[in-house]
Amino acid sequence: MTTTATPPPRTGLLVVQPVKRRHCAECRGGPLSLLVLEEGAPRCLDCADLGQLVFLPRGDTALTRRSREGSALSAVVVRFNRRRGRYERQGVLVEEAALARAEERCLADAEARRRRRARDARRRAAEDVRFTEAFAEEIRRLFPGCPDDRAYAIAGHASVRGSGRVGRGAAGRALSEGAVTSAIRAAVRHTDTPYDQLLMSGVPRHEARRRIAPAVETTLAGWRAGEDRGEGRGEGEAKRG
């Protein structure tokens, strides 16, 4: 199966940016930068009656929406991501006149949209701070021995918006015990064990995890029991002094 044979089902017209070199099955032109699959065969935009459209890359939501609204004919452009094993949206094809009108509208209200984006960014930043604090508090509740600075650092790393990390998943947003424990276990693995050095030396990931698992679980058990190793060392040094 080729990577252009089974694009994802969508409503409306779909155009593919091919990963491999493809030629039009009708006019034999190519290699094609964009193609339409008709009954499994690639066709260039001209043969698919889409040659009059222009490509608008993804990135500007307002421009894309307005261009598609004003275009009698449009298509979504996708490309297969081999690493993720899925098709991903790259932009749209729209009528050139519709794109020009959309650009004029966007320029006219650019300042208003900029202010709105700034307000939205401040709101999201405040939400992120509150969520990070709640995540850190849940870490301290489940692992009372975890130092406060570590708890906040772990929470901050796990809850970065758009990162795909455990704190941004549904379980993380719900502050489930499993998600919080996964975040703190990962932090201990990378920070308090030679895990990263093992990976860099060529040890397979599963074997590296097996080797450092006892150290990770010992640290977690101590923190669950309320043992703060950092503060313990400080007290010992103070007594010796």
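Data table
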item: Which numbered condition H23 misses (of (1) part of a strand (DSSP E or B); (2) in contact with a Leu (Cβ under 9 Å, 6 or more places away or on another chain)); result: (1)
item: Any hit, segment 103-114, residues being touching a Ser or Thr at 6+ places or on another chain (Cβ under 6 Å) and surrounded by 14 or more Cβ atoms within 10 Å (Cβ to Cβ); result: no
item: Residue pairs meeting the criteria (Cβ under 7 Å; at least 6 apart or on separate chains; first part of a helix (DSSP H, G or I), in segment 97-112; second surrounded by fewer than 16 Cβ atoms within 10 Å (Cβ to Cβ)); result: L99/V54; C106/A62
item: Residues satisfying the stated conditions in segment 139-153, i.e. under 13 Å from W223 (Cα atoms), part of a helix (DSSP H, G or I) and not aliphatic (A, V, I, L, M); result: R140, R141, D148, R150
item: Matching residues, segment 197-230, being among the acidic types (D, E) and farther than 28 Å from E137 by Cβ; result: E207
item: Residue among R150, R140, R189 that is assigned by TED's automatic domain parsing to the domain that holds W223, surrounded by 15 or more Cβ atoms within 10 Å (Cβ to Cβ), over 18 Å from the mean Cα position of the chain (by Cα) and free of Cβ contacts under 8 Å to residues at least 12 places away in the same chain; result: R140
item: Residue selected from segment 63-102 under the condition basic (K, R) and surrounded by 12 or more Cβ atoms within 10 Å (Cβ to Cβ), by the criterion nearest to G164 (Cα to Cα); result: R89
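The values are calculated or read from the model by the stated rules, or taken from the named source; none is laboratory data. Since the model is a prediction, treat every value here as computed from it, not as a measurement. Neighbour counts run over all protein chains shown; Cβ positions are idealised from the backbone, glycine included.
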